[in-house]
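I have placed the structure first, in the form of structure tokens, so that the comments after it can refer back to it.
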Amino acid sequence: MENVTETTPDIFLIKAYLKGNSKAFDILYYRYRKQLYGYLHNLLRGSSIDVDDIFEETWLKVIDKLPKYTDDGRFSAWLFRLAHNIFIDHIRKKRNRYFQSIDQEDTPELPTPDHHRPEEELANRELAEAIEDAVGKLSTEQKEVFLLRQQELSFKEIADIQQCSLNTVLSRMHYAIKNLKIFLAETRKLIK
């Protein structure tokens, strides 16, 4: 079995895992778990049970599909594509079953640094909540492009994930930014 470390490239970790090295998969999992969970959490806006279910289902699908994985791009793009598909299936099932929107009441507060003064902490918390609310108002496609860019995926990788053209992704990002500015301006007016 191959000797793998935290610096081993993804493709070698995958090959080592497929040869029976479970440590290789552990490294791959720990490398991407926070990014994937954060992406799903932001996409589902606080429905922690759904986030956990989709997160777990994504990793199970990764294990199932790794033997067929081809290194035609970054593993992270492939991983997020799987998560995207599972998310879409989840939304379809939920819509068909219950005809209700995603629950947004359980959205946790974003952490703020402890070294700020109370008024700064309050302002930072209000800003974080305003941004989170504004992102939540975006269309699903715009929200997903915005969140995937936050995970440092390229527009080309996002186009592959969303199965659309690069121009469509660029347009979605353009409108996401434009809409975020509008939503945040409206929030600012309400606060004054």
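For this structure, a couple of remarks:
- Candidate set from the stretch 79-105 (those that are charged (D, E, K, R) and either open to solvent by less than 100 Å² (accessible area, probe 1.4 Å) or under 24 Å from TYR30 (Cα atoms) (or both)); member that is modelled with the highest pLDDT: ARG81
- Taking residues in the stretch 56-82 that are in contact (Cβ under 8 Å) with a residue 60 or more places away in the chain and more than 18 Å from GLN35 (Cβ to Cβ), and partners anywhere that are assigned to a helix (DSSP H, G or I) and open to solvent by less than 40 Å² (accessible area, probe 1.4 Å), the pairs with Cβ atoms closer than 7 Å and at least 6 places apart or on different chains are ASP71/ILE11.
- First in the stretch 33-49 and on the phi > 0 side of the Ramachandran plot, second anywhere and open to solvent by 60 Å² or more (accessible area, probe 1.4 Å), Cβ under 6 Å, 6 or more apart: ARG45/GLN104; GLY46/GLN104; GLY46/ASP106
- Residue within the stretch 15-25 that is touching a residue at least 12 places away in the same chain (Cβ under 8 Å), surrounded by fewer than 16 Cβ atoms within 10 Å (Cβ to Cβ) and of a type in the set (Gly, Ala, Ser) present: yes
- Any hit, the stretch 152-161, residues being under 21 Å from THR187 (Cα atoms) and at pLDDT 65 or above: no
- One residue stands out among those in the stretch 149-192 that are closer than 22 Å to LYS137 by Cβ and of a type in the set (D, E, K, R): the one that is most open to solvent (accessible area, probe 1.4 Å), which is LYS192.
The values are calculated or read from the model by the stated rules, or taken from the named source; none is laboratory data. Nothing here was measured: the structure is a model prediction, and the numbers come from that model. Note that we place each Cβ from the backbone using ideal geometry, even for glycine, and neighbour counts take in every protein chain shown. Ligands, DNA and RNA are excluded from the accessible area calculation, which covers all protein heavy atoms including side chains. Shrake-Rupley method; radii C 1.70, N 1.55, O 1.52, S 1.80 Å.
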